[in-house]
Amino acid sequence: MQLKRAFQLHAMQLTRFSDLGLRVLMYLAHLDRAEPVTIAEIATQFQVPTNHLTKVVNKLGHLGWVTTLRGRHGGLRLAQAPSQIRVGTVVQQMEGHEALVDCAGLDCVLAGRCLLQAALNAALRAFYDELNRHTLADVCGKRTGEAIIQLHRQFLDQRGALSTPH
């Protein structure tokens, strides 16, 4: 797991879990309406299984970024303003707090003399610091926001067409 995580961050790729977490937050950031958004809607929009998205949403709820409402009129809403949610914090919380390498678990001949772990930890901190320069509101700028609203309207139109008797 440590090696896979190091490779993903090195290649500037997040896990699918973090990627979906960011996408859910972005989707919710631009849908200011009385009716909450359902997991099924978001799963349809991003073409992912609802059971996987449910795990992502549960984590987002546990971390305090999403409010979930149960029942017939249930769904999801942002729990905080988009301008208050830092991208780096979301990624860090979704990815976990693990170091890129775990020297404590290795029987390494360089133990106590190697500077690699410190360099990698500094790079990881810089990565999160750079992401934290941006809020959810920043990354949901005009073009992105317009695209999300268009996706949502298409979903509602399709849902309406399916529920209208012919």
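Observations, loosely collected:
- Accessible surface of region 48-166 [probe 1.4 Å, protein heavy atoms]: carbon and sulfur percent: 55 percent
- Counting only protein heavy atoms and a 1.4 Å probe, region 46-166 has 68 square angstrom of accessible area per residue.
- Here the Karplus relation 6.51 cos²θ - 1.76 cosθ + 1.60, evaluated at θ = phi - 60°, turns the backbone of region 148-155 into coupling constants of 5, 4, 5, 4, 5, 4, 4, 4 Hz, with x for every Gly and Pro.
- Region 52-92: C-alpha gyration tensor shape, a/c 1.5 cut-off, then a/b vs b/c: oblate
- 15 Å tail of the calculated P(r), region 57-151, as % of Cα pairs: 72 percent
The values are calculated or read from the model by the stated rules, or taken from the named source; none is laboratory data. Because the structure is a prediction, the values reported are computed rather than measured. The protein model used for the area step is the full one, side chains on, heavy atoms only, and it has no ligands, DNA or RNA in it. Shrake-Rupley method; radii C 1.70, N 1.55, O 1.52, S 1.80 Å.
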